[in-house]
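In what follows, a structure is listed as structure tokens, so that the remarks can point back to it.
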Amino acid sequence: MTTEASERFPCFGTLCGAWVSGDSDAGDAERALATVKRCLLRWHQAFTRFDPNSALSHLNDDSASTVVVSRMMARFASEVVRAGTVSDGLVDGTMVSQLEQAGYRESPHSSLSLTEALSHAPPRKPARASPERRWETLVVDLAKAQITRPPGVKLDSGGIAKGMFADILGDVLASAESYAVDCGGDLRIGGAGGTPRTVEVQSPFDDGVLHRFKVGRGGVATSGIGKRSWMDAAGRPAHHLLDPSSGRPAFTGVVQATALAATATDAEICAKAAILSGPHEGRGWLRDGGVMVFDDGGFEVIDPGS
Amino acid sequence: MSTDPTPRRPPPSADSDELTSARALGSARVRAQRAMTRRIRRTIAAGTVCTFLAVWLLIFGVLVSGHDPALGRDARHTAVSSTGTSSSPTTSGSSTDSGSSIESTTESGTSTDSDESASETSTSDSSESASGVSASEPATVSTRQS
């Protein structure tokens, strides 16, 4: 295997990075890394909900029913629709108002430990889809890069956007001997050489390594409630994974889910759906492999194909 | 007066014998040179063919033995081998509805060694880059909540 170059940098409120060996459509490894970094930083600026001047904020604040957007934004909107369709509304990327009501108005922060949050959490129950099904009201014209939606329907980038970015960059790097793109924990792995790469799944309680997978190509994503937890104004523990049916932070008995899938976007959808579904139905979302971590710190590994 | 069409030959003399010898010698030398040329050509041709066969056999042998550089690693080890963990690894693949496939091998094991992992997740203002890292397999990456 040729020399592998890598770079990590702060982006999306966390760390992102890429590992590349060999030449790809983006040039040699160093040039490819520069391309990855440049793209991710640009997309971060465009897709952050916390900057009122971002493209996403402009879209969400636009009162027109049909808005012309960038091709990337249109693609993201189509992924929001697909996520809702695939998960039957469980993974709902239109809950911006509910997120803000829950206190998630600025860049991610965690003022509450996971253990403390769980000790004050309400009784556990699986999440359900919102009866409003707002994601179904989105109409996306990819060819014209237009989004049509009813007034008040706003899009939240979150994990779906990160998974999408990882997939797009993965396609650019596909001809490299080996590559991995890390968009804040959402991974896309591959390369012409087909050499498997070790992926560590971190514990949400102590940052230890729970499990290791070897992935030749595909996507890996982890969703959980540990990194962004706080106490809301009413003194209730809150986090960013909402139950669409209630608009409140979901406490399902699963605190973290890692999913393997063909793409990073699919992995993100499966991970979110798994954690929102709870311990009994959650493993059904991890058919391609994954790990579920429960309230008591225990975890279950789901082997691919099981 | 009649003309004799037959060209006259010079009368025999001592010079003609010398000439004849010289011609014979010259012819012999030419023949010798031609023979040497033929030998040289045969030698070069034979050497070229032998060299080609030797190189071809060498490459064939390398590829057949599994050391295909195009695959980036020893081609005999197509599955992932387990390393350093207690339970037996399982190698499996699965197909999604889209037709693409995932290849993964699980290695069960719990580790509380968080030094490496913590450095991967810490948020800092500076970037980290590394190049020239030569390894027999790609670098380990981590998936985590973000």
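Points worth noting:
- Karplus-derived HN-Hα couplings along region B:47-58 (A = 6.51, B = -1.76, C = 1.60, θ = phi - 60°), whole Hz, x at Gly and Pro: x, 4, 4, 5, 4, 4, 4, 5, 5, 4, 5, 4
- For region A:1-142: rounded, prolate or oblate by the Cα gyration tensor [a/c cutoff 1.5]: oblate
- Taking every alpha-carbon pair under 8 Å whose residues sit at least 6 apart, chain A reaches a relative contact order of 19 percent.
- On full extension, the segment bounded by A:ALA234 and A:GLU136 gains 32.1 nm, given 0.36 nm per residue less the C-alpha separation.
- Ordering A:LEU155, A:LEU118, A:LEU41 from the fewest to the most neighbouring beta carbons within 10 Å gives A:LEU41, A:LEU118, A:LEU155.
- Computed [θ] at 222 nm, deg cm²/dmol, chain A (DSSP H ≥ 4; -39,500 (n - 2.57); rounded to nearest 500): -9000 deg cm²/dmol
- In this calculation the C-beta distance from A:ASP88 to B:THR37 is compared with R0 = 60 Å, giving a FRET efficiency of 0.10.
- Region A:60-99: C-alpha gyration tensor shape, a/c 1.5 cut-off, then a/b vs b/c: oblate
- Close amide H partners of A:LEU187, meaning residues 5 or more places away or on another chain with modelled amide H under 5 Å apart, are A:VAL220, A:ALA221.
- Order of B:LEU63, A:LEU173 - criterion: other Cβ atoms within 10 Å of each residue's Cβ, fewest first: B:LEU63, A:LEU173
- Length-normalised contact order of region A:242-283 in % [C-alpha pairs under 8 Å, at least 6 apart]: 37 percent
- Among A:TRP230, B:TRP56, A:TRP135, the ranking by other beta carbons within 10 Å of each residue's beta carbon, starting with the fewest, stands as B:TRP56, A:TRP230, A:TRP135.
- For chain A, the square roots of the Cα gyration tensor eigenvalues, ordered a ≥ b ≥ c, give a/c of at least 1.5 with a/b no greater than b/c, which places it in the oblate category.
- Per residue of peptide A:188-199, the mean number of Cβ atoms on other chains within 10 Å of the residue Cβ is 5.
- Here the Karplus relation 6.51 cos²θ - 1.76 cosθ + 1.60, evaluated at θ = phi - 60°, turns the backbone of region A:173-184 into coupling constants of 8, 4, 7, 5, 4, 7, 8, 8, 10, 10, 9, x Hz, with x for every Gly and Pro.
- Springs between Cα atoms under 10 Å define the GNM used for chain A, and in it the highest mean-square fluctuation of A:ARG31, A:ARG49, A:ARG134 occurs at A:ARG31.
- Interchain or long-range residues, amide H under 5 Å from A:SER175's placed H: A:ASP25
- Sequence-distant contacts, meaning Cα pairs under 8 Å at least 6 residues apart, place the relative contact order of region A:188-252 at 23 percent.
- Note on A:GLU116 and A:ASN53: with the Förster distance fixed at 30 Å, the Cβ-Cβ geometry gives a FRET efficiency of about 0.25.
- Amide H to amide H, with H built 1.01 Å from N, A:GLN256 comes under 5 Å of A:VAL293, counting only residues 5 or more places away or on other chains.
- Shown in residue order for region A:202-212 are the 3J(HN,Hα) couplings computed by the Karplus curve 6.51 cos²θ - 1.76 cosθ + 1.60 at θ = phi - 60°: 8, 6, x, 8, 9, 6, x, 9, 7, 7, 10 Hz (x for Gly and Pro).
No value in this document is a laboratory result; all are computed from the given coordinates. On a predicted model such as this, the values are computed, not experimentally measured, just so you know. Cβ: placed from backbone, ideal geometry, glycine included. Neighbour counts: every protein chain shown.
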